[in-house]
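Coordinate-derived values only; no laboratory data. Because the structure is predicted, anything quoted here is derived from the model rather than measured. Positions of Cβ are generated from backbone atoms using ideal geometry, with glycine treated the same way; all protein chains shown enter the neighbour counts.
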Amino acid sequence: MVDRRGLLIILSSPSGAGKSTLAKRLMAWDSDLEFSISATTRAPRPGEEHGRDYFFLSEDAFKQQVADGQMLEHAHVFGNFYGSPADPVRNSINTGKDVLFDVDWQGEVQIRNSDLGKHALSIFILPPSIPELRRRLETRGQDSDDVIGRRMLKSWDEISHWGYYDYVLINDDLESTEEKLKTIVSAERMRRIQQPTLQQHVRKLQNEFEGLS
Ligand code: ADP
Ligand code: 5GP
């Protein structure tokens with residue numbers, strides 16, 4: 001039996017708050033972390049690769065996977081479908097590996113309500129201010145003004161769900177947010193439910209204890 005059951009670590013934030021940057025830093029910190037590669041019906045952006053960034057599916061193929069029960073969660077975001085394939089997540093957590101999810105609040109709610117919900121750890125990233133959120137979207141240099149405007153409009157909807165999350169971090173200083181994130185993950189790995197061999201250990205202690213009398 002593996003010593004540890006993996007966590008489902010869910011990171012959400014309004015676009016531009018720093019979620020992808022923090023996710024990359026967390027992945028670089030621990031090579032045992034697996035990233036949950038989502039399926040989506042949106043078109044790939046320049047530089048994105050099928051199977052690395054997303055599984056890019058047609059709407060029919062996506063809906064078929066949902067109908068076949070292959071998605072742990074799925075949602076309609078910015079006019080496209082997104083979903084997290086369930087099998088890789090189950091395999092990873094059963095072999096003691098944590099899985100990192102970059103999903104919106106709808107994904108967080110569904111994962112929490114799934115049969116794996118007791119292993120979920122959800123963290124919401126807030127920006128220090130709305131002008132700073134816009135500044136980050138602009139300096140990232142990935143989107144047109146039009147797309148930035150749409151992301152900003154959507155950001156309030158995402159922020160309004162902050163109360164569903166286990167932890168909420170204000171990403172002001174990047175280094176200190178990264179440290180807090182690692183502290184949270186390190187502590188949550190020691191939850192009783194994440195340590196399936198504890199019972200065996202306590203039984204051993206009990207035998208030793210009884211051997212004394
Ligand atoms: P998200 O994934 O939430 O959309 P990104 O991780 O792409 O956001 O971050 C948006 C931009 O803000 C990037 O250019 C990133 O380097 C920058 N950024 C992230 N965190 C901070 C921070 N704490 N301070 C300043 N800039 C940041
Ligand atoms: P993007 O298209 O910019 O990569 O992602 C847009 C939004 O979809 C982000 O808020 C991201 O967190 C969310 N998202 C990406 N994959 C999934 C997924 O599998 N499920 C859900 N619910 N949201 C996702």
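I'd like the distance between the alpha-carbon centres of the range 19-36 and the range 149-200, rounded to an integer number of Å. Cα centroid to Cα centroid, the span is 13 Å. Considering only alpha-carbon pairs that sit under 8 angstrom and 6 or more positions apart, the relative contact order computed for the range 9-124 is 38 percent. The C-alpha atoms of the chain define a longest principal axis, and helix 198-212 lies at about 20 degrees to it. Quick one: of the DSSP bridges fully inside the chain, what percent are antiparallel, nearest 5? Just about 30 percent of them are antiparallel. When the Cα positions of Pro46, Ser92, Ile159 are compared along the charge dipole of the chain, Ser92 comes out farthest toward the positive end, with charges on each C-beta of Lys, Arg, Asp and Glu. The angle between the Cα long axis of helix 174-188 and the longest principal axis of the Cα atoms of the chain comes to about 30 degrees, rounded to the nearest 10.
Rg and Dmax over the alpha-carbon atoms of the range 174-213 stand at 16.9, 56 Å. Taking a virtual spin label 7 Å from the Cα of Ala61 along the C-beta vector, which residues in the range 15-41 bring their backbone nitrogen under 17 Å of it? So the set is 37-41. Taking the Cα centre of the chain as origin and assigning +1 to Lys and Arg Cβ atoms and -1 to Asp and Glu Cβ atoms, the resulting dipole is close to 340 debye.
Exposure proxy for Thr41, Thr139, Thr197, Thr21: other Cβ atoms within 10 Å of each Cβ, ordered fewest to most, give Thr139, Thr197, Thr21, Thr41. Once the Cα atoms are used to define both axes, helix 145-159 deviates from the longest principal axis of the chain by about 40 degrees. Estimated purely from DSSP H runs of n ≥ 4, each contributing -39500 (n - 2.57), the mean residue ellipticity at 222 nm for the chain is -13500 deg cm²/dmol once divided by its residues.
With 10 Å bins beginning at zero, the pair-distance distribution over Cα atoms of the chain amounts to 8, 30, 35, 17, 6, 3, 1, 0 %.
Of the residues Ala187, Asn113, Gly149, the one whose Cα sits farthest toward the positive end of the charge dipole of the range 110-213, with +1 on the Cβ of Lys and Arg and -1 on the Cβ of Asp and Glu, is Asn113.
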